[in-house]
Amino acid sequence: MKSLKELEEIKQRTLDSVNLRKDRSGGTRVVVGMATCGIAAGARPVLLAFLEEVKKRNLGDVTVSQTGCIGVCRLEPMVEITCPGEEKVTYVSMTADKVRRIVAEHLVNGQVVTEYTIGAAE
Amino acid sequence: MEFFRSHVLICGGTGCHSSGSADVMETFKTELAKNNLENEIKLVQTGCFGLCEVGPVVIVYPEGAFYSRITSDDVPRIVSEHLLKGRIVTDLLYHDSIHEDEIIKSLNEVGFYKKQERLALRNCGVIDPERIEEYIAFDGYKALGKALLEMTPEQTIDVIKASGLRGRGGAGFPTGLKWEFTAKAQGDKKYVCCNADEGDPGAFMDRSVLEGDPHSVLEAMTIAGYAVGSDQGYIYVRAEYPIAVNRLTIAIGQARESGLLGKNIFGTDFSFDIELRLGAGAFVCGEETALIASIEGKRGEPRPRPPFPAVKGVFGKPTLLNNVETYANIPQIILNGPEWFRSIGTEKSKGTKVFALGGKINNTGLVEVPMGTTLREIIYEIGGGIPKGKKFKAAQTGGPSGGCIPADHLDTPIDYDSLAQIGSMMGSGGLIVMDQDNCMVDIARFFLDFTVDESCGKCPPCRIGTKRMLEILDRITKGQGEEGDIEKLEELGKNIKSSALCGLGQTAPNPVLSTIHYFRDEYEAHIRDKKCTAGVCQALLQITILPEPCRGCGLCKKACPVDAISGERKSPHTIDQSKCIKCGACLEKCPFKAIVKG
Ligand SMILES: Cc1cc2nc3c(=O)[nH]c(=O)nc-3n(C[C@H](O)[C@H](O)[C@H](O)COP(=O)(O)O)c2cc1C
Ligand code: SF4
Ligand code: SF4
Ligand code: FES
Ligand code: FES
C-alpha cells in the first residue's frame with residue numbers, strides 16, 4: 001500500500017458489492033414480479049437482463065429484487081422502478097429487450113419509457 | 001464490476017459453526033447451483049451476529065430478512081421461495097423480526113438490537129472477515145493511513161488520550177496514558193502486544209471480534225506501533241480458538257500482501273509486522289506479566305510489578321499490551337475524532353462495552369451497549385427477560401474476578417466506577433444472569449473452584465488461601481457449615497486480596513465476598529437451618545411426602561431406585577431420609593403432586 005488514493009480505489013471497487021448489506025433508503029430500486037404467473041410469463045429472463053445491464057454499466061446504488069404477484073397477471077412480467085425522490089413507475093409485459101432500453105433511458109438518463117408503462121397499456 | 005442482486009450472509013462464528021453453519025453454507029452452494037443462481041446471488045460467510053442462541057443465523061439482503069435456527073433442510077425452501085421467487089419464508093424468520101402484519105423489521109428495530117450501539121462489533125456479521133477488500137470498503141485501514149500520513153506519533157497518542165478510552169481487558173486503565181508511557185520508555189526495540197487470551201469462563205467477546213473483524217485489530221496494533229515506536233507486534237491468542245486463529249492467519253497474510261503490514265507502509269519509512277503466539281488456555285496467562293513470560297517461551301507465571309510492561313516487557317523491552325476490544329475501538333477514534341467517542345458513554349467511562357450475556361436469559365448472546373446503559377435495559381430489553389417468567393435474583397459481572405449485582409441495583413448505570421462502587425467490576429465482559437433457582441453459595445463455590453484450579457501456585461496466599469476458602473464453601477453446601485464460617489471466609493478473603501502476587505489471587509475472593517455482602521441470609525440459612533432455598537445444594541435437599549394429598553397409590557415406591565419409600569397401599573407413604581439419594585424420580589411419578597422438595 002503506497003497511498004491513501006490506492007486504498008480509496010480498493011474501497012470504491014468493493015463498495016458497490018457490499019453496499020447492499022446496509023439498511024438504506026436511498027438508491028434506485030428495481031422490483032420484478034416473480035410469482036408463478038410472472039415466472040410462467042418469462043420474468044426470469046427479465047430479471048437476468050436487469051442484472052446484466054446493471055453490471056455492464058457499473059450502476060452503483062441500484063438494488064434489483066423480486067416480489068410476489070403484483071396483481072395484474074395478464075400484464076406480467078411486470079417491473080416496478082423507484083428512483084430516489086420520484087414516484088414509482090410500473091412497466092408491464094416486459095422482455096429482455098425492453099429492459100435494455102429502460103436501463104439506458106430510465107436508470108441512466110432519468111427518462112421514463114412511457115410506452116412500456118402500465119398507463120400506456122391500459 | 002461484479003453485481004449480485006442479493007447477498008446471503010451466513011454466520012461463521014463459533015456459536016453458529018457448532019450448530020451447523022458449515023453444512024448450511026454447503027447446501028446453499030449446491031442449491032444455488034441447481035437453480036442457476038450462482039451469478040446472481042452472493043454467499044458471504046461472516047462473523048457473529050450476536051444471537052448465537054438462535055443459530056445458525058442467515059441474513060438475506062437487500063430485504064434484511066433474518067432467518068434463525070436454519071438447518072440444511074430449510075435451505076432448499078429459502079432458495080426456491082425467497083431467492084428465486086422473492087417470497088420471504090416467514091416461518092423460518094427469527095420470531096422478533098416481523099411485525100404482526102408480517103412486514104419484516106429492519107435489524108435495528110429488532111428488540112435485541114434496538115438499544116445496542118456497535119462500535120467494536122461494527123463489522124461483525126457485516127463483512128466477510130476473510131476478504132481484506134470488504135474491510136477496506138467499510139473504511140478499513142483508512143485510520144492507519146491518516147495516522148501515518150497526516151499525524152505525528154505524539155498527535156496519535158493525544159487523540160487516544162483525549163478520547164477517554166479505557167482498557168477493555170478488565171482493569172480499565174486509560175489507554176492513551178499506557179501508549180504514552182510506552183512511547184516515552186527508553187529502548188532500542190519495543191513491542192506491541194494484543195491480549196486475546198480471554199480466560200473468563202462464559203466470555204467470548206474477543207473471540208467474536210477476532211472471528212468477525214480480524215483486520216480491525218491488526219490495523220489498531222499497527223497504529224499503536226507507529227505511536228509508541230515499535231516495529232513488531234504479537235497477538236497472544238488461545239489455541240482453543242481455532243476459527244479465530246485461522247481468520248487471523250488469513251488476515252495477516254492479506255495485510256502483508258497488500259503492504260499494510262511489512263516494510264514502508266503507505267510509502268513512509270514506518271515498518272511493522274505481527275506474529276501470532278498460541279496460548280494453552282490457562283487463565284493466569286491473561287495476566288499481563290504471565291502473558292509476556294509465555295510469549296518469551298517461558299512458563300506462564302506472573303512476576304511482581306513494577307517494573308510495568310511499558311518499561312520492561314517482552315524480552316525486557318518496553319511493551320504495550322492492550323486487549324482485543326480495546327484495539328477494535330482505535331481505528332474509529334482516529335477517523336471520527338476524540339469528541340465523537342467522548343459523546344458516547346458516561347462521565348468517566350467513554351464509548352461502549354461488549355458483553356457476553358448468558359445464564360437465565362432469553363436472548364443469550366453478544367451485545368454491545370453504550371457505557372451507562374442500565375442492567376435492567378440489558379436484561380429486559382436487549383436480553384428479552386428471564387425465561388419462564390421467573391424472578392431476577394442477581395447478575396455476575398467480571399467472571400471469577402468480579403462480583404454479583406442484586407435486584408436493588410438493577411438500575412445502576414453500567415460503567416467502570418459504578419460497578420466497582422457496588423462491589424463488582426466491569427471485567428472483560430462476562431455477564432451471567434441468575435434467577436430464583438440459583439443458589440448464591442453454589443455460584444460463589446463455582447467461581448472459586450475455577451480460580452483454585454487456575455492458580456499458578458507461585459504464591460501461597462492464592463495457592464493455599466483460596467483452597468481453604470473453597471473447603472469452607474464445600475462444607476457449607478454439604479450441610480456441614482458451622483457458626484463462624486462466614487466470618488472466616490471474610491477474613492481469608494481480605495487477606496488473600498491484600499497479599500497475593502497477581503490479579504488472579506487478588507480478585508479471587510470477590511465472588512465470595514460479594515455474595516456474602518448481598519446474600520448473607522442465604523449463607524446463614526445453609527449453615528444454621530441446613531436449608532438451600534433455591535433447591536440447588538443436593539445435600540440440603542429434603543424430599544418429603546405430604547400426608548394429605550398422598551393417596552397411597554404406591555407409584556413413588558416403584559420409582560425409587562433405593563427403596564427409600566415405604567407405606568401401606570391406600571395410606572400415606574413416607575420417605576426414609578437416611579436412604580434417599582434425592583434423585584427426584586418419585587417427584588415426577590406422583591399423580592397427586594404429594595411429593596415436594598425443599
Ligand atoms: C488473572 C488475570 C487474567 C486476565 N485475563 C485477561 C484476558 O483474558 N484478556 C485481557 O485482555 N486481559 C486480561 N487480564 C488483564 C491484563 O492483565 C491486562 O490488564 C490487559 O490485557 C490490558 O489491556 P487493556 O488495558 O486494553 O485492558 C487479566 C488479568 C488477570 C489478573
Ligand atoms: S495470585 Fe495466584 S495466580 Fe497469581 S501469582 Fe499468586 S498463585 Fe499465581
Ligand atoms: S427422591 Fe429418589 S431416592 Fe428419594 S425417595 Fe424419591 S425416588 Fe427415592
Ligand atoms: S456465532 Fe453466529 S450469531 Fe454468534
Ligand atoms: S513460599 Fe514464597 S513466601 Fe513463603
- Query: What is the distance in Å between the Cα centres of the range B:507-547 and the range B:280-350?
  - Reply: 38
- Message: Report, in listed order, any pair from B:458/B:531; B:312/B:458; B:29/B:263; B:497/B:530 with a Cα-Cα distance greater than 32 Å.
- Response: B:458/B:531; B:29/B:263
- Message: With unit charges on the beta carbons (Lys and Arg positive, Asp and Glu negative) and the dipole taken about the Cα centre of the range B:440-528, which residue among B:465, B:503, B:519 sits farthest to the positive side?
- Response: B:503
- Among the listed pairs A:98/B:105; B:146/B:190; B:115/B:142, which are separated by more than 32 Å between their Cα atoms? A:98/B:105
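Which three numbers, in whole Å and largest first, are the semi-axes of the equivalent ellipsoid of the protein assembly as shown derived from its Cα gyration tensor as √(5λ)?
Taking √(5λ) for each Cα gyration eigenvalue gives 51, 39, 19 Å.
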- Which translational diffusion coefficient, to the nearest whole µm²/s, is obtained for the range B:343-475 from the Stokes-Einstein equation, given a Kirkwood hydrodynamic radius over C-alpha pairs, 20 °C and 1.002 mPa s? 137
- Cross-link pairs B:184/B:350; B:390/B:557; B:114/B:353; A:88/B:114; B:393/B:488 - those with Cα-Cα distance over 27 Å: B:390/B:557; A:88/B:114
- Measure nothing but the geometry: give the 0 to 90° angle between the long axis through the Cα atoms of B:510-528 and the longest principal axis through the Cα atoms of chain B, rounded to 10°. 0
- Query: Quick one, what does Rg over Rh come out to for the range B:542-597 if you take C-alpha atoms and the Kirkwood Rh?
  - Reply: 0.89
- Message: Keeping every protein chain present and rolling a 1.4 Å probe, give me the accessible area per residue for the range B:6-111 in Å².
- Response: 38
- Query: What is the Cα coordinate range of the range B:440-528 on the first, second and third principal axes, sorted by size from largest, in whole angstrom?
  - Reply: 36, 20, 18
- Whole number please: convex hull volume per residue of the Cα set in the range B:132-341, in Å³? 110
- Query: Based only on Cα atoms, what Rg/Rh ratio does chain B have, Rh being taken as Kirkwood's radius?
  - Reply: 1.03
- Query: Which aspartates and glutamates, on any chain, are close to residue B:597 with Cα under 17 Å apart, when same-chain ones fewer than 8 places away are left out?
  - Reply: B:437, B:529, B:548, B:576, B:588
- ³J(HN,Hα) computed for each position of the range B:100-107 - Karplus, 6.51 cos²θ - 1.76 cosθ + 1.60, integer Hz, glycine/proline x: 4, 7, 6, 7, 7, 7, 6, 4
- Item | Listed residue (B:421, B:201, B:584) projecting farthest to the positive dipole end of the protein assembly as shown, Cβ model | B:584
- Query: For the range B:440-528, what is the accessible area per residue in Å² when the probe is 1.4 Å?
  - Reply: 43
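Taking every pair of distinct Cα atoms and averaging 1/r, then inverting, what Kirkwood hydrodynamic radius in Å comes out for the range B:291-367?
15.8
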- Note on the structure: Over all directions, the range B:471-598 yields a Cα convex hull whose mean projected area in nm² is 9.4
- Note on the structure: Rounded to the nearest 100 Å², the accessible area buried between A and B, both sides, probe 1.4 Å, is 3400
- Query: Quick one, what does Rg over Rh come out to for the range B:351-396 if you take C-alpha atoms and the Kirkwood Rh?
  - Reply: 0.95
- Note on the structure: Here the range B:6-111 gives, from Cα atoms, an Rg and Dmax in Å of 12.7, 36
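What's the magnitude of the charge dipole for the protein assembly as shown around its Cα centre, counting Lys and Arg as +1 and Asp and Glu as -1 at the beta-carbon? Answer in Debye, nearest 20. Before the final figure, lay out each step's value.
Working: 86 positive and 94 negative charges, 286 e Å.
That gives the protein assembly as shown a dipole magnitude of about 1380 debye.
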- In Å, the C-alpha Rg and Dmax of the range B:152-207 are 13.6, 40
- Note on the structure: Excluding ligands, DNA and RNA, the carbon-plus-sulfur percentage of the accessible area of the protein assembly as shown with a 1.4 Å probe reads 50
- Message: Treating only the Cβ of Lys, Arg, Asp and Glu as charged (+1, +1, -1, -1), what charge dipole size does chain B show about its Cα centre? Round to the nearest 20 debye.
- Response: 1540
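The values are calculated or read from the model by the stated rules, or taken from the named source; none is laboratory data. Keep in mind that this is a model prediction, so the values were computed, not measured. When we count neighbours, we look across all protein chains shown, and the Cβ atoms used for this are built from the backbone with ideal geometry, even at glycine. Calculation scope for accessible area: heavy atoms of the full protein, side chains included, ligands and nucleic acids excluded. Shrake-Rupley method; radii C 1.70, N 1.55, O 1.52, S 1.80 Å.
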